[in-house]
Amino acid sequence: MNKKVLSLQEAIARFVHEGMSLVMGTALEALIPFSAGHEIIRQGRRHLTLIGPISDLLFDQLIGAGCIRKVAAAWIGNVMMGSGYNFRRAVETGVPHPLEVEDHSNFTIALALHAAALGVPYLPTKTALGSDLSVNHPGMKQIHCPFTEEKLLAVRAVQPDVAIVQVQRCDPYGNAHLWGNIGISVDAVRASKSVILVTEEIVSPEVIRSDPNRTLIPGFLVSAVVEEPWGAHPSPVQGYYNRDHRFYQDYHEETKTLEGFQKWLDRWVYGVETREAYLQRLGRDRLQDLKIQKGALSAPANFGY
Amino acid sequence: MDYTLSELMVTAAAREIKEGEVVFVGTRLPLLAFALAKKTHAPHAVGFFESGIIRDTPAQEVLYTMGDAPNILGALQCCSTLSLMGMMQKGLVDVGFIGGAEIDKYGNLNTSYIGGRPQAGAAPRGALTRLPGSGGACDIAALSHRLLIIMSHEKRRFKEKVDYITSPGYGAGGTWREEVGLPRGGPSAVITTKGILRFDPLTKEMYLASNHPGLPVEEILASTGWNLKVASDLKETPPPTQEELNIIRAYDPEGFWTGE
């Protein structure tokens, strides 16, 4: 096994290229890889395709920054507040440029990644029958069950180029513990051609190997490991920090106009070279308030024999 | 007793959940209504949250999203989105609970495109509003045994026919769900800021079942974009009790969800 630790800048430069498809925000409203997304913006990547379930803020930011050609997701916006204005501007008026949208539901995108993870070209389901979602959709087709004749929807496998997944801890080889909100993370990792882990902390292999049931991502699927504390701010990371609700409210107010979003980008993305600088801008008091108030350790599981 | 229409709406929605039911809880207002149900008449109701969380006790704090840290602590199980969707597809979810942006007279919901769906790759023609999308709503509408919808009652939201069906209700009415291949389900109640609406068992058309206290039927009809039928046994929605209000307000002290 080889060590895969890279800086965020290196990881993005090496593994995220123009025109690629990325799956991010796999745990829905938690563990969103915001710092990775911001680095993608800073490095000026273009023509990317974003894949995800519910995306809370991150996809809206990348779309507004002009990085995205296409999005295949179940929900794009600001969960607490409603719409993502950049997403709306892109679809409604083609600003900063037209956006191709492939509509999904949480189940269809989960199935698409599951199919790829299983190595089959599609998976059948009963969801979205009768929904306009499944009409004229390049990744969905109505079929009949070969055994029972019943109507089914075939959901085509989606194999992203890169998965960027935020985890609580992993070892230098990419074996990762992930807990709390899991979402579609496990399938996203298995489906993708390469995987970047952004971790709150790098721990020893002994820590990881002490609990193999908690190892949801095995290192042999991982291309790069980036240690980036607070990498998911403003989204929550169980056991580390809570959601910064105010940040989402402020974003909603400040990005209503295009000019407002440009100012927001200058302040929180272009104006800060690294996540450390971003955290400094947030201020120590704010971070302190977000840190977990009370620990809640799980009961140990004895793997001895 | 003073309460906002939103508080009444949340209370009425919570009452639709029966004790012990498995509820797939959608994002935003359903989060609060489910918490209220669990703290009052349905303490053993089980909640599924689409990030993969199963809870049988209420979270200790108000949730702004289902992914908030308090929703994890004390959860029954944290598994995957696919696991919960799969269980729902199999028929294990009694009630689905979602919000809506636009609804039509057969309970179809639109949270995607108002003003038509643009052709792939082309710039939109005319006025178009892009809403955030389905999330899990389409799945919950398709696969739960019955669907509860909670939304504000305004004429621009209650249209004869939605521009785009994100989450299937009863389609064109009658036996539509069966015809398109849906295995079960359909909307059971629409709980709004003005009343509670249900669906005719045969035609599947929406009708007004109860009006909220102080909301005359004429106002509700005027707020609905088609000739809304009214139940012959129309009742008034029972107002919230002080206990229910206390729970809502303790849970949401800043009135984020229920402030007027």
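Take A:Ile51 and decide whether it is at pLDDT 95 or above and more than 14 Å from every other protein chain (Cβ to nearest Cβ). No: the conditions fail for A:Ile51.
Among the residues of the stretch A:104-143, those identified as at the interface with chain B (Cβ under 8 Å from one of its Cβ atoms), in contact with a Pro (Cβ under 6 Å, 6 or more places away or on another chain) and under 17 Å from A:Ala73 (Cα atoms) are A:Asn106, A:Ser131. Of all the criteria given as (1) modelled with pLDDT of 95 or more; (2) facing chain B (nearest Cβ under 10 Å); (3) at positive phi; (4) surrounded by fewer than 21 Cβ atoms within 10 Å (Cβ to Cβ), the one not satisfied by A:Glu100 is (3).
For A:Leu22, indicate whether it is aliphatic (A, V, I, L, M), crowded, with 23+ Cβ neighbours inside 10 Å and assigned to a loop (DSSP other than H, G, I, E, B).
no
Among residues of the stretch B:202-249 being outside any loop (DSSP other than H, G, I, E, B), hydroxyl-bearing (Ser, Thr, Tyr) and in contact with a Lys or Arg (Cβ under 9 Å, 6 or more places away or on another chain), the one that is farthest from B:Leu31 (Cα to Cα) is B:Tyr207. The strands (runs of 3 or more DSSP E) located wholly in the stretch B:20-67 that include 2 or more residues which are within 21 Å of B:Pro187 (Cβ to Cβ) occupy B:22-25, B:46-49. Scanning the stretch B:152-174 turns up at least one residue that is within 20 Å of B:Ser51 (Cα to Cα), within 13 Å of chain A (Cβ to nearest Cβ) and of a type outside the set (Val, Ile, Thr). Looking across A:Arg281, A:Arg267, A:Arg275, A:Arg246, one residue alone is over 30 Å from A:Ala13 (Cβ atoms) and either polar (S, T, N, Q) or assigned by TED's automatic domain parsing to the domain that holds A:Ala163 (or both). It is A:Arg246. Could you list all residues from the stretch B:131-150 that are of a type in the set (Val, Ile, Thr) and within 13 Å of chain A (Cβ to nearest Cβ)? Listed by number, the list holds a single entry, B:Ile140. Out of curiosity, is B:Ser83 touching a residue at least 12 places away in the same chain (Cβ under 8 Å) and at the interface with chain A (Cβ under 7 Å from one of its Cβ atoms)? It is false that B:Ser83 is touching a residue at least 12 places away in the same chain (Cβ under 8 Å) and at the interface with chain A (Cβ under 7 Å from one of its Cβ atoms). Set side by side, the residues A:Ala90, A:Ala74 differ, and just one is part of a strand (DSSP E or B), within 24 Å of B:Arg130 (Cβ to Cβ), at the interface with chain B (Cβ under 10 Å from one of its Cβ atoms) and not charged (D, E, K, R), which is A:Ala74. Of the residues making up the stretch B:26-61, those that are at the interface with another protein chain (Cβ under 10 Å from one of its Cβ atoms) and of a type in the set (Val, Ile, Thr) are B:Thr27, B:Ile53.
Looking for whichever is more than 14 Å from chain B (Cβ to nearest Cβ), touching a residue at least 12 places away in the same chain (Cβ under 8 Å) and in a loop (DSSP other than H, G, I, E, B) here; the options are A:Pro146, A:Pro172. Which one fits? Of the residues listed, the single one that is more than 14 Å from chain B (Cβ to nearest Cβ), touching a residue at least 12 places away in the same chain (Cβ under 8 Å) and in a loop (DSSP other than H, G, I, E, B) is A:Pro172.
The values are calculated or read from the model by the stated rules, or taken from the named source; none is laboratory data. Note that the coordinates shown come from a computational prediction; the quantities given were computed from them, not determined experimentally. No Cβ is skipped: glycine too gets one built from the backbone with ideal geometry, and neighbour counts run over all protein chains shown.
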